[in-house]
1. Of the residues in the stretch 42-80, how many are outside any helix (DSSP H, G or I), among the hydroxyl-bearing types (Ser, Thr, Tyr) and under 19 Å from Val185 (Cα atoms)?
2. Can you name the residue in the stretch 86-123 that is within 14 Å of the chain's Cα centre (by Cα) and not in a helix (DSSP H, G or I) and is also nearest to Gly134 (Cα to Cα) among such residues?
3. Looking only at residues that are farther than 18 Å from Phe159 by Cβ and hydrophobic (A, V, I, L, M, F, W, C) in the stretch 221-238, which one is surrounded by the fewest Cβ atoms within 10 Å (Cβ to Cβ)?
4. Using beta carbons and a limit of 8 Å, which pairs, at least six apart or on different chains, have the first residue in the stretch 67-95 and assigned by TED's automatic domain parsing to the domain that holds Lys49 and without any contact (Cβ under 8 Å) to a residue 40 or more places away in the chain and the second one hydrophobic (A, V, I, L, M, F, W, C) and crowded, with 19+ Cβ neighbours inside 10 Å?
5. Is it fair to say Asn208 is farther than 22 Å from Pro36 by Cβ and touching a helix residue (DSSP H, G or I) at 6+ places or on another chain (Cβ under 6 Å)?
6. Restricting to the stretch 168-196, what's the tally of residues that are touching a helix residue (DSSP H, G or I) at 6+ places or on another chain (Cβ under 7 Å) and at pLDDT below 85?
7. Give the residue, chosen from Asp110, Asp144, Asp128, Asp186, that is among the acidic types (Asp, Glu) and surrounded by 19 or more Cβ atoms within 10 Å (Cβ to Cβ).
8. Within the set of pairs 6 or more residues apart or between chains, which connect a residue that is closer than 25 Å to Pro165 by Cβ inside the stretch 197-225 to a residue that is of a type in the set (Asp, Glu) with Cβ atoms less than 7 Å apart?
Amino acid sequence: MRVLPLVIILALIGAVGYVYFFHWDFVSRKVRGYAPATTPDEAMNYFEKAIKERDYKTASLYCTGDYSEYLRKSDDAARRVGRLMDRIMYYMKEQGLQRPTTVSALYFFDAFPPYFSQKGAPTKNPKDDNTATGVIELDTIELDPLFIAKDENINRNMFSTILTPWVFLQPTFPGKQVAIPLKQVDEGGSKSWKLDIPLPPDRAAAINYYLDNYKAYETGFNQFSTFLTSERMASKQEMEGQVMKIFRDAKE
């Protein structure tokens, strides 16, 4: 009589182990509200949600081709760096320590700054029901893009928001709006909508470079983030000095 319950327990343990090792990502996404995108609007919404959660592997599921592959490849590095940037940006805002140079350096170093939102529902192509165009609008942030030119002691190759599609898509709207192409794809007989963003070879090379060199920056900002939990920067100038020192030191 005791053997049967033991067999059942072992079977349950095996089932849980199978789910954990082979299907945990699927289960986790389902719990967090993700599903295949049945409309262009859902694809845009899920992509935005995943990026803002710093989950680039999930975001990759709503994209096609090489761009999808590089989002997935960059997931660990982009997530770790991004969360550090979030903490430091939040600290500066709460303490009133923001300066254009500091904000710009952190923003452009971030692989995919989450400061954007979908604008309206995508429109389908009247000549092709399997394609559509969405619009992303960038948040208004006071940035100083020329900060890179002002400091010769930082590695300028690390400051290009490497995963943001608007860096290599041609804007078709005025201001800070970018057109995002989408298409419906068939995967194993199941259709879903995805962002169809082409990835230029030079951008793929830039991403690979970032992935090969981000570790020293992560270490520096990890230590700085820990330091900020118990210490306070006295001024905007001191904050900027500490941030830029990390960027300079990591170059060496």
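1. Adding up the residues that qualify gives 2.
2. Taking the candidates together, the pick is Ser117.
3. Ala234
4. Here the result reads Gly82/Ala111; Gly82/Phe112; Met89/Val103; Met89/Leu106, each pair linking the stretch 67-95 to a residue that is hydrophobic (A, V, I, L, M, F, W, C) and crowded, with 19+ Cβ neighbours inside 10 Å.
5. Spelling it out, it is not the case that Asn208 is farther than 22 Å from Pro36 by Cβ and touching a helix residue (DSSP H, G or I) at 6+ places or on another chain (Cβ under 6 Å).
6. The total comes to 1.
7. Asp110
8. From the stretch 197-225, the pairs are Leu199/Asp66; Ala204/Asp66.
The values are calculated or read from the model by the stated rules, or taken from the named source; none is laboratory data. Every value quoted in this text rests on a predicted model; they were computed, and no experiment measured them. Cβ: placed from backbone, ideal geometry, glycine included. Neighbour counts: every protein chain shown.
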